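The values are calculated or read from the model by the stated rules, or taken from the named source; none is laboratory data. On a predicted model such as this, the values are computed, not experimentally measured, just so you know. Cβ placement follows ideal geometry from the backbone for every residue including glycine, while neighbour counts extend to all protein chains displayed. Protein only, heavy atoms only, side chains kept; ligands, DNA and RNA dropped before computing areas. Shrake-Rupley method; radii C 1.70, N 1.55, O 1.52, S 1.80 Å.
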Amino acid sequence: MSVVTERGKNRKDDGRRNKYSVLLPTYNERENLPLIVWLLAKYFGESGYEYEIIIIDDGSPDGTLEVAQQLQKIYGSDKILLRPREKKLGLGTAYIYGMQHATGNFIIIMDADLSHHPKFIPEFIKKQKEGNFDIVSGTRYSGNGGVYGWDLKRKLISRGANFLTQVLLRPGASDLTGSFRLYKKEVLQKLVDHCVSKGYVFQMEMIVRARQFKYTIGEVPISFVDRVYGESKLGGNEIVSFLKGLLTLFATT
């Protein structure tokens with residue numbers, strides 16, 4: 001008599017039916033990319049879900065693309081898809097571009113700088129299945145979620161931004177500025193078709209538009225860890241852009 005393990009059950013029942021495309025926009029992430037890819041392969045392999053990793057590098061001058069090419073040789077072109085662009089064109093457009101090449105029926109978006117740990121992805125998938133959610137969002141501000149490695153100033157900026165969005169937009173989600181999420185592909189496609197923001201505001205607008213279209217959102221508490229290598233890309237210009245985007249969404253939604 002054959003015995004089907006839980007892992008085998010995942011492979012048989014879920015792996016053939018669902019495929020998860022991970023979009024990884026990169027810019028100067030040569031130190032972080034090998035580890036994040038290894039962790040993704042580890043947790044997808046252990047859970048048995050079918051996956052692909054789409055790396056969208058925006059002309060990184062530090063050799064990120066060359067590292068990605070080596071990773072493709074190691075893991076295979078069926079698991080690592082390289083879709084580079086000539087220059088930095090913004091986070092929102094990177095997701096749109098990557099999604100055009102995704103073959104999965106679910107899309108996972110996350111940062112490549114190790115601030116989002118792939119260990120949470122099986123929890124995202126489990127949550128999605130429990131409620132057939134259109135979106136599952138990682139939250140730093142609910143349950144046992146949290147932020148590690150930020151100084152007080154950065155924490156206050158993040159908390160303040162999230163508080164403002166909650167007061168002005170009433171989004172029905174606890175973490176609008178996060179960028180670790182799972183989407184049904186057709187849901188993400190509709191949202192990006194209607195979003196007008198670029199950069200960091202893009203994440204916030206996605207949740208606001210989801211509320212407009214009455215999409216369901218599940219949440220999974222996550223631990224957000226500040227990047228280990230490289231410099232944060234959040235600066236004064238991004239903060240100003242965020243505030244402008246917030247006011248625009250408040251006026252138009």
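A few notes on this one:
- Members of the range 76-88 that are assigned to a loop (DSSP other than H, G, I, E, B) and touching a Leu at 6+ places or on another chain (Cβ under 8 Å): PRO84
- Qualifying residue in the range 213-221 (condition: in a helix (DSSP H, G or I), open to solvent by less than 10 Å² (accessible area, probe 1.4 Å) and closer than 24 Å to ILE36 by Cβ): no
- Segments classed as helices (runs of 4 or more DSSP H), wholly inside the range 89-191, with at least 1 members that are loosely packed, with under 15 Cβ neighbours inside 10 Å and at pLDDT below 90: 152-169
- Checklist (1) in a helix (DSSP H, G or I); (2) in contact (Cβ under 8 Å) with a residue 40 or more places away in the chain applied to LYS73, failing item: (2)
- Of all residues in the range 62-80 being over 20 Å from the mean Cα position of the chain (by Cα) and polar (S, T, N, Q), the one that is nearest to ALA102 (Cα to Cα): SER77
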